[in-house]
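Worksheet for the structure shown next.
The values are calculated or read from the model by the stated rules, or taken from the named source; none is laboratory data. Since we're looking at a predicted model, the values are computed, not measured. Cβ placement follows ideal geometry from the backbone for every residue including glycine, while neighbour counts extend to all protein chains displayed.
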Amino acid sequence: MSSSTVITNIATLVTNDPSLGDTSPLGLIRDAAVVIDGDRVAWTGESRKAPATDNRVDAAGRTVLPGFVDSHSHLVFAGDRTEEFNARMSGRGYTAGGIRTTVAATRAASDAELGRTLTRYLGEALRQGTTTMETKSGYGLTAADEARALRLAAAHTDEVTYLGAHIVAPEFADDPAAYVALVTGEMLDACAPHARWIDVFCEKGAFDGDQARAVLTAGRAKGLHPRIHANQLSHGPGVQLAVELDAASADHCTHLTDADVDALAHSRTVATLLPGAEFSTRAEWPDARRLLDAGVTVALSTDCNPGSSFTSSVPFCIALAVRDMCMTPDEAVWSATAGGAAALRRTDIGRLTPGAYADLTLLDAPSHVHLAYRPGVPLVSGVWRRGERVV
Ligand SMILES: [Zn+2]
């Protein structure tokens, strides 16, 4: 028998269901309660109408929102890139090549070492309110090393992405076509059983449009769903390819033409913005306002990785999105919860509605706006995952 718990006295409850709350996209309910039964949300509404339950938690006038859905991270790695960051902050530009440093360290690491790193950063994210985290391979770049990364990731999350096409492996520097053949052949066969998604870094210095199409279509033929690193450092074919292949998400979307924005707006491909990357590389911000005004579904994620965005903090990304990408606090909170769920094509997370997973974050603040209003402050004071209090 599962036990039920009511969290009462919530000053602001973010449900992300307009039909439950104030009709805004966040579906806000004031003086609210939420009932958890087993691993699911059983009821949300006004505190005074809450049904009887086995247990009771007093939120004492704080905010409850869905656990963050971080739909883009790279957590299977070894080593760090402190020196590269330090050099970049001293004036040198970022190119895709720095990934090779992490590839060498990751190949040399033991399973146990990679597992400890993964657990550390997933734990760090959980303490900051992230209850679902997608993570990718991409620092192995051999069939065995990529499959190992995915196997390790799959022990911790259902949202595992095969990114053999992160960069061309150093051994294939003179023959990228042979590397694409490996990624779409033997490596794919080794990796497909451990992953849900396939991804490719479509960028100058990584993979061009034809190579990216070959990678994603090969993955799709093996039952993986496409997502893509697109238009991060320059204009390119990535976003159009994402829409053409019905990718769940086009990630980065920093350099877009009007046609790219229009294509996204008329598709179900989510634009996932990763402001930690622009912050950590002092790059131009993606124009979130332009995407939102065109009607594009926008997700916000950390891109947590040791090279270009070494943050596991969704609240930090929300603050950046509001301050520097002209998103409203409501839009940023929606994008980091329901938007992330949309980028993973999930309807059972990212919202607090009856039947959804009971993944909740309790903020030590009267409103979700404080996530942007109080940047850098550890406001997360409780986290429930699958109905269990874990923080
Ligand atoms: Zn990435």
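Scan PRO366, PRO329 and give me the residue that is of a type outside the set (A, V, I, L, M) and over 21 Å from VAL298 (Cα atoms). Spell out the reasoning first.
Numbers: PRO329 fails: over 21 Å from VAL298 (Cα atoms).
Unique residue meeting the criteria: PRO366.
Within this structure, PHE316 passes the test of being in the same structural domain as ARG120 (by TED's automatic domain parsing), away from the ligand (no atom under 14 Å from the Cβ), under 16 Å from the mean Cα position of the chain (by Cα) and touching a residue at least 24 places away in the same chain (Cβ under 8 Å).
Would you be able to tell me the number of residues in region 54-75 that are among the polar types (S, T, N, Q), in contact with an Asp or Glu (Cβ under 8 Å, 6 or more places away or on another chain) and away from the ligand (no atom under 16 Å from the Cβ)? First the steps, then the outcome.
Filtering region 54-75 down to residues among the polar types (S, T, N, Q) leaves 55, 63, 71, 73.
From the residues that got through so far, the ones that are in contact with an Asp or Glu (Cβ under 8 Å, 6 or more places away or on another chain) too are 71, 73.
Next cut, away from the ligand (no atom under 16 Å from the Cβ) only: none.
The number of residues fulfilling the criteria is 0.
The condition (being under 28 Å from the mean Cα position of the chain (by Cα) and either surrounded by fewer than 19 Cβ atoms within 10 Å (Cβ to Cβ) or modelled with pLDDT under 95 (or both)) is satisfied by just one residue among ARG62, ARG56, ARG48, ARG40: ARG40.
Pick from ASP189, ASP174: which is without any contact (Cβ under 8 Å) to a residue 12 or more places away in the chain and over 24 Å from the mean Cα position of the chain (by Cα)? Of ASP189, ASP174, the one residue that is without any contact (Cβ under 8 Å) to a residue 12 or more places away in the chain and over 24 Å from the mean Cα position of the chain (by Cα) is ASP174.
Being without any contact (Cβ under 8 Å) to a residue 40 or more places away in the chain and either within 16 Å of the ligand (Cβ to nearest atom) or polar (S, T, N, Q) (or both) is true for just one of PRO275, PRO286. Which residue is that? Please lay out each step first, then the result.
Values: PRO275 fails: without any contact (Cβ under 8 Å) to a residue 40 or more places away in the chain.
Answer to the check: PRO286.
Being touching a residue at least 40 places away in the same chain (Cβ under 8 Å) and crowded, with 22+ Cβ neighbours inside 10 Å is the filter; apply it to region 320-330 and report the residue that is farthest from the ligand (Cβ to nearest atom).
Within region 320-330, the first condition is being touching a residue at least 40 places away in the same chain (Cβ under 8 Å), and the residues that meet it are 320-325, 329-330.
This time we only want the ones that are crowded, with 22+ Cβ neighbours inside 10 Å, so: 320-322, 325.
Details: LEU320: 16, ALA321: 17, VAL322: 22, MET325: 17 Å.
Filtering region 320-330 for residues that are touching a residue at least 40 places away in the same chain (Cβ under 8 Å) and crowded, with 22+ Cβ neighbours inside 10 Å, the one farthest from the ligand (Cβ to nearest atom) comes out as VAL322.
In the set THR102, THR82, only one residue is among the hydroxyl-bearing types (Ser, Thr, Tyr), surrounded by 19 or more Cβ atoms within 10 Å (Cβ to Cβ) and farther than 24 Å from VAL380 by Cβ; that residue is THR102.
Hey, any hits in region 186-194 for a residue that's more than 13 Å from the ligand (Cβ to nearest atom), charged (D, E, K, R) and crowded, with 20+ Cβ neighbours inside 10 Å? First the steps, then the outcome.
Just the residues of region 186-194 that are more than 13 Å from the ligand (Cβ to nearest atom), to begin with: 186-194.
With the extra rule that they be charged (D, E, K, R), the set shrinks to 186, 189.
Cutting the leftovers down to crowded, with 20+ Cβ neighbours inside 10 Å gives us none.
No, region 186-194 contains no residue that is more than 13 Å from the ligand (Cβ to nearest atom), charged (D, E, K, R) and crowded, with 20+ Cβ neighbours inside 10 Å.
The single condition among (1) part of a loop (DSSP other than H, G, I, E, B); (2) within 16 Å of the ligand (Cβ to nearest atom); (3) acidic (Asp, Glu) that ASP246 does not meet is (2).
Could you tell me how many of the residues in region 289-309 are more than 11 Å from the ligand (Cβ to nearest atom), part of a loop (DSSP other than H, G, I, E, B) and crowded, with 18+ Cβ neighbours inside 10 Å? Before you say what the answer is, go through the steps one by one.
So in region 289-309, the residues more than 11 Å from the ligand (Cβ to nearest atom) come out as 289-300, 306.
This time we only want the ones that are part of a loop (DSSP other than H, G, I, E, B), so: 294-297, 306.
Checking the rest, the ones that are also crowded, with 18+ Cβ neighbours inside 10 Å come to 296-297, 306.
Result for region 289-309: 3.
Would you say LEU141 is within 16 Å of the ligand (Cβ to nearest atom), among the hydrophobic types (A, V, I, L, M, F, W, C) and farther than 18 Å from SER309 by Cα? Answer is yes for this residue.
Pairs are defined by a Cβ separation below 6 Å, a sequence spacing of at least 6 or placement on different chains, a first member in region 74-91 that is within 27 Å of ASP145 (Cβ to Cβ), and a second member that is aromatic (Phe, Trp, Tyr) and part of a loop (DSSP other than H, G, I, E, B); the pairs so defined are PHE77/TYR139; ARG88/TYR94.
Results for (1) more than 21 Å from the chain's Cα centre (by Cα); (2) within 15 Å of the ligand (Cβ to nearest atom); (3) surrounded by fewer than 24 Cβ atoms within 10 Å (Cβ to Cβ); (4) within 18 Å of GLU186 (Cα to Cα), shown as yes or no for each residue.
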position: VAL200; (1), (2), (3), (4): no, yes, no, yes
position: GLU203; (1), (2), (3), (4): no, yes, yes, no
position: PHE207; (1), (2), (3), (4): yes, yes, no, no
position: ASP210; (1), (2), (3), (4): yes, no, yes, no
position: HIS229; (1), (2), (3), (4): no, yes, no, no
position: GLN232; (1), (2), (3), (4): no, yes, no, no
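Suppose we filter PRO366, PRO306, PRO354 for residues that are in the same structural domain as GLN128 (by TED's automatic domain parsing) and either closer than 25 Å to ARG120 by Cα or in contact (Cβ under 8 Å) with a residue 24 or more places away in the chain (or both); which single one remains?
PRO306
Elements of the type helices (runs of 4 or more DSSP H) sitting completely within region 62-171 and holding at least 2 residues that are closer than 27 Å to ALA283 by Cα and charged (D, E, K, R): these cover 82-88. Is it the case that region 84-103 has a residue that's hydrophobic (A, V, I, L, M, F, W, C), within 16 Å of the ligand (Cβ to nearest atom) and within 25 Å of THR157 (Cα to Cα)? There is at least one residue in region 84-103 that is hydrophobic (A, V, I, L, M, F, W, C), within 16 Å of the ligand (Cβ to nearest atom) and within 25 Å of THR157 (Cα to Cα).
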